[in-house]
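Written out below as structure tokens is the structure these notes cover.
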Amino acid sequence: MTDQVNFGDALVSPEEKTRRVGAVFSSVARRYDIMNDLMSGGMHRLWKDRFVNRVKPRSGERILDMAGGTGDIAFRMARRGALITVSDINADMLEVGKQRAHSRALSGLSWKVENAEKLSFSDATFDACTIVFGIRNVTDIPSALREAHRVLNRGGRFFCMEFSSSDWPGFSNLYEAFASNVIPRIGKAVANDEESYRYLVESIRRFPRPEAFKRMVTDAGFVRAAAEPMLGGLVTIHSGWKI
Ligand code: SAM
């Protein structure tokens, strides 16, 4: 029998999780950007700016943005002259991203449907690999980390930003109340989709704490793995290097 995995708080087969995550992002794709602003009070923009400052994309570098969705991270890196491959398992998210890139007249971007667990790229293709608010949705996270390591050049760097629960007691209670009660309601009001936003909240609560995820980054073969928690670990920037 196949092991069960979490889809939010529900236990399902790995195949069913991948299918349901696909349905969530197909459903939210058109409203994804406005919902990010509403759910985070615009803070996701600051976190993403900070993340890209850590990646330090250089002109002409080849960077893979896994689970790149509608392109928020890719656009920031392309503006610094890097050549970005935006990959995502969900064609609907990428389609919204392509339209946004077109309206911003951005160049240096290519788009590809890819499962982060099994990338089609050859070994040692990229100088950096990023994944932002994506990895908690991946069914087999260790496989995705190993794939990121495989497609990086020697000296290549891996950066990931993800949510988890916060360990600041007062803040964590406030956030929990907001996340459980308010986010699904905003999802219902704005996107007419309460369930998808309930899943997003549950998946945040279930994602490993920063130290535990840092060990997973090391287990995938990265060296000098580091975790930079913000807001008590609610959002953490992880990094590692391939040697
Ligand atoms: N990185 C973007 C951002 O920060 O705005 C999008 C993040 S969005 C919350 C999560 C993305 O992960 C979705 O676009 C979803 O399709 C993608 N995703 C989920 N599972 C995936 C997988 N196995 N491989 C690649 N992308 C995946």
(request) Go through 150-159, 112-121 and give me the packing order, highest mean Cβ count within 10 Å leading. (result) 150-159, 112-121
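Keeping all protein chains in place and using 1.4 angstrom, which order do Asp140, Asp219 fall into by accessible surface area, from largest down?
Numbers: Asp140 60, Asp219 130 Å².
Greatest to least solvent exposure: Asp219, Asp140.
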(request) Quote the FRET efficiency, to the nearest 0.05, computed for Gln99 versus Ser59 with a Förster distance R0 of 45 Å and r equal to the Cβ-Cβ distance. (result) 0.95
(message) Using alpha carbons only, how many angstrom separate the centre of the range 158-204 from the centre of the range 1-65?
(response) 13
(message) Taking 0.36 nm per residue of sequence separation and subtracting the Cα-Cα distance, how much length would be gained by fully extending the chain between Leu38 and Thr218, in nm to one decimal?
(response) 61.4 nm
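What's the extension gain from Arg30 to Ala189 if we count 0.36 nm per residue and subtract their Cα-Cα distance?
Numbers: separation 159, 0.36 × 159 = 57.24 nm, distance 1.43 nm.
Residue separation times 0.36 nm, minus the Cα-Cα distance, leaves 55.8 nm.
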(message) Can you list residues from other chains, or at least 5 along the same chain, whose modelled amide H is less than 5 Å from the amide H of Met230?
(response) Val235, Thr236, Ile237
(request) Heavy atoms only, probe 1.4 Å: what % of the accessible area of the chain goes to carbon and sulfur, would you let me know? (result) 52
(message) Run lengths n ≥ 4 of DSSP H only: what is the helix-derived mean residue ellipticity at 222 nm for the chain, with -39500 (n - 2.57) per run over all residues, to the nearest 500?
(response) -13500 deg cm²/dmol
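Given the chain, what percent of its DSSP beta bridges are antiparallel, to the nearest 5?
Values: 16 of 35 bridges.
Given both bridge residues lie in the chain, the antiparallel proportion sits at roughly 45 percent.
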(request) Go from 0 up to the bin containing the longest alpha carbon distance in the range 63-152, width 5 Å each, and give me the % of pairs per bin. (result) 3, 16, 28, 26, 18, 8, 2, 0
(request) Taking every pair of alpha-carbon atoms in the range 122-243, give the share separated by more than 18 Å as a whole percent. (result) 55
(request) Cross-chain or 8 or more residues apart, Cα under 25 Å: how many lysine pairs in the chain fit that? Count them up, please. (result) 19
(request) Would you be so kind as to identify all helices of the chain, as entire DSSP H runs, whose Cα atoms reach 15 Å or more along the helix's own axis and whose mean Kyte-Doolittle hydropathy is at least -0.5? (result) 14-28, 141-151
(request) Starting from the Cα gyration tensor of the chain, multiply each eigenvalue by 5, take the square root, and state the resulting semi-axes largest first in whole Å. (result) 26, 21, 19
(request) Over the chain, average the accessible area per residue using a 1.4 Å probe and give it in Å², no decimals. (result) 46
(request) Could you give log10 I(q)/I(0) at q = 0.17, 0.21, 0.22, 0.33 Å⁻¹ for the range 170-217, computed by the Debye formula over C-alpha point scatterers of equal weight, without solvent? (result) -0.57, -0.74, -0.77, -1.10
(request) Within the range 35-96, list the chymotrypsin sites (Phe, Trp or Tyr not before Pro) lying in a DSSP loop whose Cβ has at most 14 other Cβ atoms in a 10 Å radius. (result) none
(request) Answer rounded, prolate or oblate for the range 52-99, using the Cα gyration tensor with square roots of eigenvalues a ≥ b ≥ c: rounded when a/c is under 1.5, else prolate when a/b is larger than b/c, else oblate. (result) prolate
(message) Could you sort Met230, Met216, Met43 by their accessible area in this structure, using a 1.4 Å probe and putting the largest first?
(response) Met43, Met216, Met230
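The values are calculated or read from the model by the stated rules, or taken from the named source; none is laboratory data. This one's a predicted model, so the numbers in the text were calculated from it and none came from an experiment. FYI the Cβ positions are ideal-geometry reconstructions off the backbone, even for glycines, and counts take in every protein chain you see. Accessible surface areas use protein heavy atoms only, side chains included; no ligands, DNA or RNA. Shrake-Rupley method; radii C 1.70, N 1.55, O 1.52, S 1.80 Å.
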